[in-house]
Amino acid sequence: MPRESYYIWIMRKKHILPLLLLVQIVVVQVLSLFPDWIEQYYSNRFYSNLCVVSRKLLGWIPFSVGDVMYLALIVLAVRWFWRKRGTWKQQWRDHVLTLLAVFSVFYFCFHVLWAMNYHRVKLSDKMHIGREYTNADLLHFTKRLIVKTNALHLQIVASDTAKVVFPYSQEKVFEMNLDGYDNLAQIHPYFKYEQPSNKKSLISLPLTYMGFAGYLNPFTNESQVNDRLPMFNFPTTAAHEMAHQIGYASESEANFIGYMASTKNDDLYIQYSGYTYALKYCLRSLAMRDEKMFEQLKTTVNPGIIKNYEEAERFWAGYETFVETGFKIFYDNFLKFNRQKDGLEGYSKFVDLLVNYYKLEKI
């Protein structure tokens, strides 16, 4: 091949992946208009088989493969930028094309391996749950939730002023969470969970500073849980990430499924984690709607439960920095880009599912 033709071929090749990125974005946006198709052919067929294979391959490894992969990529990225630091002025076009090519591959893998689940049928439609509720509905549900949580609290501890201290290791909680999902799948088969791959994150300290309790690695399908969390939060947080593993990308839906899997568990401590998780969100939602009623209801919650909440608040307050704000702004916009219009507020939107599900099924 003549030298000039070779360079033309190289330049054309450099443009292929960046151009494919544009094509991929268009394709994903078009497919997102057909949630029934994604539900049937991607989420319930392709992805449901792929995720089990991924977890079978990596679940037995005692550490997070995904975290190691991310750390390696960060090192490679820093090395690349360092080596190219003096060439940006002359070769900026080539460098931009390289970055776009890398992002194109990332975008493709991200959506094929997991993220098309963002565009599946909404869980509220799938379960025939309404989306609207009144202040009276929320108040009624929250009162019932307080009664249930108080009673459960007293089944575990002798005094209503004592906080709950979990007797299990984090590894044990991972095992016990499977029981809750098994029980839940008997009621709703589409929540069936197979081949566990749940890990304590190797980057738990950075996650804490970023304000995250856990995350799902979409490339390895490992659920990563922040191992610094207060233990009463740990089971439902892990169950939340397991919901992402089985293909529910929406944060509100993962919260709802994690809550149900925890409260269907045979163990009282795991149930307590689920009910206190839901109660926190309901009280917060009520406070935004009716501050006076919130203050009244708060006095009916066992002081020991309040102590657990305060334990969690102190934990997160100890790691508050500008880093958390920055990452939450990034993740909020990331969710919105993936058609999760509520962004980080979607975590709280699971109250909508809770209240409306309660109308169909008693807690």
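Below is a table of values for the structure above.
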item	result
Close pairs from segment 236-253: first under 17 Å from LYS122 (Cα atoms) and outside the structural domain of VAL53 (by TED's automatic domain parsing), partner outside any helix (DSSP H, G or I) and among the charged types (D, E, K, R), Cβ under 7 Å, at least 6 apart	SER252/LYS349
Residue list for segment 182-195, filter: crowded, with 19+ Cβ neighbours inside 10 Å and either in contact with a Cys (Cβ under 9 Å, 6 or more places away or on another chain) or not in a helix (DSSP H, G or I) (or both)	TYR193
Scan of segment 283-307 for residues that are among the polar types (S, T, N, Q), modelled with pLDDT of 90 or more and either surrounded by fewer than 11 Cβ atoms within 10 Å (Cβ to Cβ) or over 15 Å from ILE156 (Cα atoms) (or both), ordered by number	GLN296, THR299, THR300
Test: TYR47 is assigned to a helix (DSSP H, G or I), at pLDDT 95 or above and more than 20 Å from SER223 (Cα to Cα)	no
Residues that are among the charged types (D, E, K, R) and over 18 Å from PRO230 (Cα atoms), drawn from segment 152-174	ASP160
Residue under evaluation THR220, criteria (1) crowded, with 22+ Cβ neighbours inside 10 Å; (2) in a loop (DSSP other than H, G, I, E, B); (3) at pLDDT below 95, criterion not met	(3)
Residue list for segment 127-151, restricted to those being surrounded by 14 or more Cβ atoms within 10 Å (Cβ to Cβ) and more than 17 Å from LYS298 (Cα to Cα)	MET127, ILE129, GLY130, TYR133, ASP137
Qualifying residue in segment 143-157 (condition: among the polar types (S, T, N, Q) and in contact with a Gly (Cβ under 6 Å, 6 or more places away or on another chain))	no
In segment 239-277, the residues that are in a helix (DSSP H, G or I), among the β-branched types (Val, Ile, Thr) and either within 14 Å of the chain's Cα centre (by Cα) or more than 16 Å from TYR358 (Cβ to Cβ) (or both)	ILE257, ILE270, THR276
Near pairs, Cβ below 8 angstrom, 6+ apart or cross-chain, from segment 298-317 (under 19 Å from LYS143 (Cβ atoms)) to any residue that is of a type in the set (Ser, Thr, Tyr) and in a helix (DSSP H, G or I)	VAL301/THR149; ASN302/THR149; ILE305/THR149; ILE305/THR276; TYR309/THR276
Search result, residues across segment 111-122 that are surrounded by fewer than 17 Cβ atoms within 10 Å (Cβ to Cβ) and assigned to a helix (DSSP H, G or I)	VAL112, ALA115
Qualifying residue in segment 169-180 (condition: surrounded by fewer than 15 Cβ atoms within 10 Å (Cβ to Cβ) and either of a type in the set (A, V, I, L, M) or in the same structural domain as VAL52 (by TED's automatic domain parsing) (or both))	no
Members of segment 273-323 that are of a type in the set (Ser, Thr, Tyr) and farther than 15 Å from LEU229 by Cβ	TYR275, TYR281, SER285, THR299, THR300, THR321
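The values are calculated or read from the model by the stated rules, or taken from the named source; none is laboratory data. Just so we're clear, the structure is a prediction, and the values are computed from it rather than from any experiment. Methodologically, a virtual Cβ is constructed for each residue, glycine included, from the backbone with ideal geometry; neighbour enumeration extends over all protein chains shown.
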